[in-house]
1. Among the listed residues B:Gly157, B:Gly188, which satisfies the condition of being within 14 Å of chain A (Cβ to nearest Cβ) and under 30 Å from B:Pro39 (Cα atoms)?
2. Keeping to the range A:463-493, report how many residues are outside any helix (DSSP H, G or I) and over 18 Å from A:Tyr350 (Cβ atoms).
3. Here are some conditions: (1) away from chain B (no Cβ under 14 Å); (2) part of a loop (DSSP other than H, G, I, E, B). A:Arg318 meets all but one. Which one does it not meet?
4. Could you say whether any residue in the range B:263-285 is away from every other protein chain (no Cβ under 14 Å) and of a type outside the set (Asp, Glu)?
5. Hey, A:Ala83 hits all of (1) within 16 Å of ligand 1 (Cβ to nearest atom); (2) at pLDDT 90 or above; (3) surrounded by fewer than 18 Cβ atoms within 10 Å (Cβ to Cβ) but one; which does it fall short on?
6. I'd like the residue in the range A:367-383 that is of a type in the set (Lys, Arg) and assigned to a helix (DSSP H, G or I) and, out of all such residues, is nearest to the chain's Cα centre (by Cα).
7. In this structure, does A:Leu348 turn out to be crowded, with 23+ Cβ neighbours inside 10 Å, at the interface with chain B (Cβ under 8 Å from one of its Cβ atoms), closer than 19 Å to B:Ala273 by Cβ and not hydroxyl-bearing (Ser, Thr, Tyr)?
8. Take the residues in the range A:434-451 that are more than 16 Å from ligand 2 (Cβ to nearest atom) and modelled with pLDDT under 90, then tell me which one is farthest from A:Ile344 (Cα to Cα).
Amino acid sequence: MSETTTAPTILEMRSITKEFPGVKALSEVNLLVKVGEVHAICGENGAGKSTLMKVLSGVYPFGSYQGDIVYQNEVQQFRDIRASEAAGIVIIHQELALIPELSIMENIFLGNEPTRFGVINWAEARRRSIDLLARVGLAEDPDTPIKEIGVGKQQLVEIAKALNKSVKLLILDEPTAALNENDSQHLLDLLLGLKGKGITSIMISHKLNEIEQISDSITIIRDGKSIETLDVKGDGVDEDRIIRGMVGRSLESRFPDHTPAIGETFFEVKDWTVAHPQVEDRMVCKGSEFFVRRGEIVGFAGLMGAGRTELARSLFGRSYGRYISGHIIKDGKEITLKTVRQAIDHGLGYVTEDRKALGLNLLDDIKTTTVAANLKGVSKHFVVNEDQEFQVAEDYRKSLRTKTPTVEEGVAKLSGGNQQKVVLAKWMFTDPDLLILDEPTRGIDVGAKYEIYGIIQKLAAQGKGVIVISSELPELLGLSDRIYTIFEGSITGVLDKAEADQENLMKLMTAKRQAA
Amino acid sequence: MNALKKIFGGDIRQFGMIFALVALIVFFQIMTGGITLTPENVISLFNGNSYILILAIGMVLVIIAGHIDLSVGSVAAFVGIAVALAMRDWGFPSWMGVVYGLLLGALVGAWQGFWVAKVGIPAFIVTLAGMLLFRGLNQLLGKSNSVPVPGDFQNIGAGYLPEIGPDTGYNNLTLLLGIVAIVAIVWGELRRRKASIALGAEVEETWVMVTRLVLICGALLYATYLFATGRPGTSFPISGIILAALVLVYGFISSRTVIGRHVYAVGGNKHAAELSGVQAKRVDFLVMMNMSILAGLAGMIFVARSTASGPFDGVGWELDAIAAVFIGGAAVSGGVGTVMGSIVGGLVMAVLNNGLQLLGVGSDWTQIFKGLVLLAAVAFDVYNKSQGKPSIIGLLLKNFQKTPEPQAA
Ligand SMILES: Nc1ncnc2c1ncn2[C@@H]1O[C@H](COP(=O)(O)OP(=O)(O)OP(=O)(O)O)[C@@H](O)[C@H]1O
Ligand SMILES: [Mg+2]
């Protein structure tokens, strides 16, 4: 806990308290950020990190919290986001706020259009956006629609948008959660570059290696209270030290103990070919073949856009793309899965990577979500038994240790990690034979990750097959019994746990590029 | 205020609506010098609005699923005239007329459901087309004339519970109905409480439940008294019984059955619902079809009440029904709403209409007031949500979801 006060402070948040009906999200939190540093905020899911940043940026306006925000030596009372932006504070939320139909340029200048006599001056906008894109290192035409570029690039557009607002303090809420390693690295380098130009950043992330790599100080929040602020260089902070602060004890290992008990092959896919839903002749899966054995955890490795999600979703009742050819064999019999319903009835489950858009109805509460994919399990003659529903949700809340006051709480109010647990509960309740998990630990803290790995291993131990799609190689290596690699829609290899390492996986994940 | 909230549940919206309804009734009762709550007026208020309330039941499901139906007035008019003609020209007996009307409604609904669910045209467009189409068909069939309906058919719109049993000075069947309703409510509440205790869930304090029951039962008792003491020959209307049955059935369907859950799921997040195995297209088809069946029923009740089917029946009904649903707390973006709320919303409009009429206010001012009430009710809702309540975030996130399906990685 060394406080080197050489650099002047840009921001001080003094005993901030924020309450929601029934929840004290923040209680007397203090945060001190120095000019020109990268300041990380760490804490478990639901600790209050996002809430603190929303207080700072005026999403929760002055008066809806207690405490003081001192920014550039003045007490600030932001009424809304515009007020904080005018002061040079820009927040980039975890869910990106770009409009998919508009172009990069239009998004950068949205709400901030350069005008002449009240008419948008597109020439000026273009000139400035080319400049801004160069500063963030994005080589794209400013006219490209947002929906045509990947999340990594979208993140850069968000930053360009912030730079356009002459940002002094940039807040990033889990900016790399949805990015692959290359894109993440690019983003981190960019942050360091901005730091060189005097822009201060606050970054929330659950990827501790990144935090260790780029941050100067770290403030740790636990249960809505600020626990400590670490000076990364001075205190010699490493990941274990951060974890100790976050969870209040050390974590012996990142993966629970697990001895796989692998049985016979029960699920097999042959010659699986699927076309892109819009583009006629683009194949997103090309003759994929793989199998899963009982009790086995199978990993799918690949870069973003390699077609892992497409493969999973096309198998799951053809919920993505246009089916061209292929066979699914389960328990020795060929099955046809034309709808999601059929897939579920045949014992498949798919946990999406996109929790908010595809996994949850944010208007629902925890208990309705838990039973949503298996209403049959709690109903008789099509009438839902609400007592039973409550009981089921309550059981999962206890066994997965979901942090919530009651199962009648709306899922929108849960923090990311706890939402993920609810989605997992939903699929566990369908009692699948084969559960496909797409990025199951995205945006989830180390402690909860450990718990989710435990849940996955428990499912495997019950003789179920589990497929894990993940962009984090350490996670795949630690969890899977076997790993398939996918490159541009084709399966390029398969490695056993014993022979797999980052290097040979990476080689197979980029197979074509190696050959070329 | 806190105590009130406890009694009516934490939902400020619902509470606000019931409160507004009661306040409105009291206001008009005073202003009209006690005419509002006479048996005659209450009975005619029910008779004159049951068809709008029936439409609201169907409409709330359509809106929860994320659609809208503009064609209900025209569909009602079309079914009304077709049934009237079938009874006059083909000699259909009344009961066959009703069955025929419901089947026609189903057919119309299947037509609209096909375009919405199978072809994927927004319901706004499909039903805008339907609004013209079925209005035109009504006038084509009836040659723009009125067609009278036989006396026993008129019962479903203008009939009352008959007098039976000893002369008690009250309508016996109405009394019986009221008592059965009260017993059922008390029994249901006690049972629910027992089940919650058995589950270990939190239960409200006893006084809260008792107060609520006393208030509800008191209101019911009073209503029963009003309906049972109407002019000789009048009592609780048949259309009111149809409405009550529909409220019970649809309230149950929407909150307790699998298909009901699916409607909310599709309206809340279609993609997520589909990935949970919900057949969204089927849900879309069913809500649209159901709406037209209820529109057909509403049309028949109206025709029965006005003793003839005419070319301008049902004009503007869609707006009344939609207004009732939104006053009753549904969200434009779908996923939110209740049958009971929509009924309360519809009653607010009905009482307003009736009260202003009693006061001799012209249709000009009546429309102005109705418009303002709709705006105020929804503004109240929006304001509530923006007061640091989480729902505004939910709403924002929801709009975010409605953007095209994110690129799969
Ligand atoms: N609008 C809200 N209404 C009610 N409770 C809320 C609301 N927003 C957040 N909370 C609660 O406040 C607490 C802190 O939430 P917050 O989103 O700040 O967590 P976080 O640290 O960002 O977690 P994560 O790492 O999962 O994103 C949680 O318990 C959450 O349930
Ligand atoms: Mg967060």
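1. After ruling out the rest, the residue left standing is B:Gly188.
2. 13
3. (1)
4. The answer is yes; a qualifying residue exists.
5. Status for A:Ala83: all satisfied but (1).
6. Of everything passing the filter in the range A:367-383, A:Lys367 is nearest to the chain's Cα centre (by Cα).
7. So A:Leu348 fails the test.
8. Per the criteria, the residue is A:Tyr450.
The values are calculated or read from the model by the stated rules, or taken from the named source; none is laboratory data. As the structure is a prediction and not an experimental result, all values here were calculated from the model. Note: ideal-geometry Cβ built from the backbone for every residue, glycine included; neighbour counts use all protein chains shown.
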